[in-house]
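Peer 1: The structure is given below, and queries will be raised subsequently.
The values are calculated or read from the model by the stated rules, or taken from the named source; none is laboratory data. On a predicted model such as this, the values are computed, not experimentally measured, just so you know. Neighbour counts are summed over all protein chains in view; Cβ atoms, including those assigned to glycine, are modelled from backbone coordinates with ideal geometry. Note: accessible area is taken over every heavy atom of the protein model, side chains too, but ligands, DNA and RNA are not part of it. Shrake-Rupley method; radii C 1.70, N 1.55, O 1.52, S 1.80 Å.
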Amino acid sequence: MSSEDVELEARLEEQEVFEPAASFVEGANVSDADIHDEFEENWPECWERAAELLDWEEPYEQVLDDSNPPFYEWFTDGTLNASANCLDRHLDERGDEAAIEWVGEPVDEDNVTLTYDELHGKVNETAAALRDLGVGEDDVVTMYMPMIPELPVAMLACARIGAPHSVVFAGFSADALATRMNSADSEYLVTCDGYYRRGDPLDHLDKANEGLSGVDHDTDAVVVDRLGRNGDDFGHDLGERQHDWGELMADHEGATVEPVDRDAEDMLFLMYTSGTTGQPKGVKHTTAGYLAWTAWTSRAVLDIEPEDTYFCSADIGWITGHSYIVYGPLALGTTTMMYEGTPDHPDRDRLWEIIEEYEATQLYTAPTAIRAFMKWGEEYPAGHDLSSLRLLGTVGEPINPRAWKWYYKHIGDEECPIVDTWWQTETGGMMVTTLPGVTDMKPGSAGPPLPGVDVQVVDTDGDEVEPGRAGYLTVNRPWPGMLRTLYDNDERFIEEYWAEYSDIDSDDPDDWVYFPEDGAKIDEDGYITVLGRVDDVLNVSGHRLGTMEIESAIVGVEGVAEAAVVGGDHPVKGEAVYAYVIVEDGQAESEAFRAEIVEGVEDAIGPIARPERVIFTPELPKTRSGKIMRRLLEDIANDDELGNTSTLRNPDVVDDIREVVQGD
Ligand code: WTA
C-alpha cells in the first residue's frame, strides 16, 4: 500500500458519517429533502405515490382499509395484473431493450439476453402451456429451480393467469420441497434436470422426483432441460405426468394469453420462510400492495431507471430475488441481471468481470459476500473497470463498518452511495434504509425508516428506548408491501407477528404493532442499527434458518436422543450452525456418526443448514422447568463469558460442555 492509501484507509476507518456524492444526488430519482415530513403529513395517502407507478385495469377506491386489523387491505377494489405491469406496458418503448441479461455459470456458456418483446413472448407461451395443463386461477404452482431464465418466465406466466407461485430455493432438500407442496396443496411443479456448480453439472431432477414422491396428492411437473444446451445429461426419463418444457413451448409457439384481471388483494405468491417452530411459514403476498412496494423502493432506494443494467446477486429462491431481481426492476422497465453461479468460479473476480462486461449500474448483495470479497483481497476487483457502478446495496444481515468501508472504497470508489436495507420476507420490500439521494450514511447502521414507515425500537413493555440502548424493533403502522397472513393460518399469523406488542382484542389499528423479531438500537439522529434475530432463527450467510427445523432433522437421525442448535459467530457467514447432540445409549460418538448427522440435516433441509460443528455432550443445560438454555450454548460456541447459570437444574454441565468444545 502507498502512503496515500494508508492515509485514506485511516481516514475511512475513523469517518462515521458519509454524504452521498453530489454527482449521484444530482441525478437521483428521489432527492427531495422534505420527503419524510411530506409522507408523515399525508399518511396513508402518501402511498398513492407507489400505486402511481403501476398500471391499473380498474382504479382503486381506497388507499387503506384498516377496519379489521391486522388484516389490512391496500388499494381496495382496484384491479391489475402483475405480468402486464412487468411486461406489456413496456413493449412500446422498451420492446427491443433487454429485460433480463442472464449469465450462465460455465464461462463458455452462450449467455442469454431476453428483450422485453422476447420475455413477453415466452411468458405468454408458458402461460398458455400451464393453462392447458389445467392450472387455473388461484392454483398454487411450485417452482423448484435454480437461477435460470425459465424461473422468472414461469413466475410471470403464473402471475399472468392469476395462479400464485411458490418458489422453493433449489438448494433446499427433497423433504423441504415435499413439505412446502403439501402445505400449499400445490398440484403443479416447474423444475429442471440440473444446473452447474463450480464447473460441474449437478443433478436436480433426482431430488425433485424424490420430493414429489413425498407429496400426498397427484401432481403434474414441467421439466426444463437446462443441461442439454451444453450437451450434458443425467439420462433422466420423464415419468408419467411429467412434461418437457421445450416440447410444451414448441406446442404453444406464438400463443398469447390475455392477462387476467386480479383484485388488488389477490395473492400474487407464497414464500415459505423459517420461524420458531419446525414448520415453515407460508408468507402470503398480494398483487397490488407488494408490486407497488417493490416498484417504489426499487425506484427510491436502488435508484433504478429504465436505462440501467441493474445487478442483484441474490437467488430468486429467496425473497430478495423475488422483489429485487424480478418484480421491482421489471415493473420499472429496466434491465435486470441474473447470474447462475457462485462469485468465485472460475476465479474470485467473476462478479467484477460480469459487472465490467455488462457495465452494471447497481450492485445489490449480501454482507456475507462482501466479507468473502474482503478476505480474498482487493486485487480481484482492482483488476476490473467498475466505473459503470452508480450505487451499491446490502441486505440480509447486519454489515460491520469495516466491511461497509471496504465495499465503499474498493467497489464503489468512494463515489457510490451504499444503501444498507433492512427488511424481511414478511415485509415484501425494504423498510429501513437511507434514501441514497437524500440521507447521509452511517456505516453499520441501516438508517432511518423509509418515508411513511413507522419503525421504533422499544423495550419489553413496548416503550421506546433511549438512544444507544438495545431494544426490539417494531413496526407501528401498516404498509402496502406487508404480508397479509400466513397461508391458511390466520391464527399463527397473529400469534407470530402481532401478539407480542398488540392488544389483539382491539379493532383500533393504533393498538396493533408488528413485531419482526429483530433486536436493534437507535441513535440520536433516528438511525437504526439492527442487531439480529431475537427468536430462535439463525442467519447463516444471509439465509434464515430455524433452529427447530435443524433440531428436528438431527433428532430424526437414528441414534440421536436429543439436540440443541444455536448460532456461533462466523467471520464470513455471520453465523454458523452449532449442534449440541446427546446420543442414545449404545450409539458411538464417532466421526462417522457426526457425518451421519450432517447428512441428516442436508437431507432434511439442504447444504445451507449444514452444521459447522457437531458437539457430543452427555447433557444439555436446562432450567428447572426443562427449557434448554440456548443462550449459554451460544456463549460456549462463541467462547464468551458465560451468562447466569444459577437458574439451571444442572449447572455443572456447562463447564463439561465447554471442555468438550475447546478440546475438539
Ligand atoms: C435480517 C431478507 C441487519 C433480519 C430480506 C431480518 C438484516 C432477516 C438486514 C430477514 C439488514 C435483513 N441489517 N439485518 N440490512 N436485512 N436482515 O426474511 O434479522 O430472509 O429479520 O429477508 O434478515 O431475512 P429474510
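Peer 1: Counting only pairs 8 or more residues apart or on different chains, how many lysine pairs in the chain have their Cα atoms under 20 Å apart?
Peer 2: Summing the qualifying lysine pairs gives 7.
Peer 1: Here's another thing I want to ask about it. How would you order 336-342, 203-209 from highest to lowest mean count of nearby Cβ atoms within 10 Å?
Peer 2: 336-342, 203-209
Peer 1: If you don't mind, there's one more thing I want to ask. On each of the three principal axes of the Cα atoms of the range 383-439, give max minus min coordinate, whole Å, ordered largest first.
Peer 2: 39, 22, 19
Peer 1: Taking the dipole about the Cα centre of the chain, with the C-beta of Lys and Arg at +1 and of Asp and Glu at -1, give me whichever of V123, A604, T427 is farthest to the positive side.
Peer 2: After comparing all options, I get A604.
Peer 1: Give me the tail of P(r) for the chain as a percent: Cα-Cα pairs with distance above 46 Å.
Peer 2: Distances greater than 46 Å cover 15 percent of the Cα pairs.
Peer 1: Tell me the label-point distance for the pair D510, F234, using the 7 Å Cα-to-Cβ offset, in nm and rounded to one decimal.
Peer 2: In this crude spin-label approximation the distance works out to 5.8 nm.
Peer 1: Just report the Cα centroid separation between the range 11-71 and the range 195-270, whole Å.
Peer 2: Here the answer is 38 Å between Cα centres.
Peer 1: Test of the criteria: in the range 533-578, which GluC sites (Glu not before Pro) are in a DSSP loop and have at most 10 other Cβ atoms within 10 angstrom of their Cβ?
Peer 2: Passing sites in the range 533-578 are E558.
Peer 1: Another question about this same structure. For an R0 of 51 angstrom, estimate the FRET efficiency from the Cβ-Cβ distance between E61 and E591 and round to the nearest 0.05.
Peer 2: 0.20
Peer 1: Then there is this: Report the label-to-label distance for N489 and T645 in nanometres (one decimal), using points 7 Å from each Cα along the Cα→Cβ vector.
Peer 2: In this crude spin-label approximation the distance works out to 3.6 nm.
Peer 1: For the range 585-638 and the range 388-462, what is the separation of their C-alpha centers, rounded to whole Å?
Peer 2: Distance between centres, Cα-based: 34 Å.
Peer 1: Then there is this: Quick check: the distance between the Cα centres of the range 135-165 and the range 534-565, to the nearest angstrom?
Peer 2: Rounded to whole Å, the Cα centres lie 30 Å apart.
Peer 1: How big is the charge dipole of the range 537-663 about its Cα centre, in debye rounded to the nearest 20, if each Lys and Arg gets +1 on its Cβ and each Asp and Glu gets -1 on its Cβ?
Peer 2: Dipole size: approximately 520 debye.
Peer 1: Between E247 and E7, what is the label-to-label distance in nm when each label sits 7 Å out along the Cα-to-Cβ direction?
Peer 2: 7.0
Peer 1: Another question, if that's okay. Return the carbon/sulfur percentage of the accessible area of the chain, one whole number, probe 1.4 Å, all protein chains in place.
Peer 2: Answer for the chain is 40 percent, counting heavy atoms of protein chains only.
Peer 1: May I ask you to list the GluC sites (Glu not before Pro) in the range 634-663 that are in a DSSP loop and have at most 15 other Cβ atoms within 10 Å of their Cβ?
Peer 2: Listed in order of number, the matching sites are E641.
Peer 1: Taking the Cα centre as origin and putting +1 on Lys and Arg beta-carbons and -1 on Asp and Glu beta-carbons, what dipole magnitude results for the chain, to the nearest 20 debye?
Peer 2: Computed about the Cα centre, the dipole is about 1340 debye.
Peer 1: Suppose only helical runs count, i.e. DSSP H with n ≥ 4. What mean residue ellipticity at 222 nm does that imply for the chain under -39500 (n - 2.57) per run, divided by all residues and rounded to the nearest 500 deg cm²/dmol?
Peer 2: Computed ellipticity for the chain at 222 nm equals -8000 deg cm²/dmol.
Peer 1: Which of the GluC sites (Glu not before Pro) found in the range 204-287 are in a DSSP loop and have at most 10 neighbouring Cβ atoms, other than their own, within 10 Å?
Peer 2: Those satisfying the criteria are E240, E253.
Peer 1: Still on this structure, I have one more. Classify the range 436-542 from the C-alpha gyration tensor, please: rounded if a/c falls under 1.5, else prolate or oblate depending on whether a/b exceeds b/c.
Peer 2: Prolate shape, in that a/c is at least 1.5 and a/b is the bigger ratio.
Peer 1: Additional query: Using a probe radius of 1.4 Å on heavy atoms only, what accessible surface per residue do you get for the range 537-663? Whole Å² is fine.
Peer 2: Heavy-atom SASA per residue in the range 537-663 reads 45 Å².
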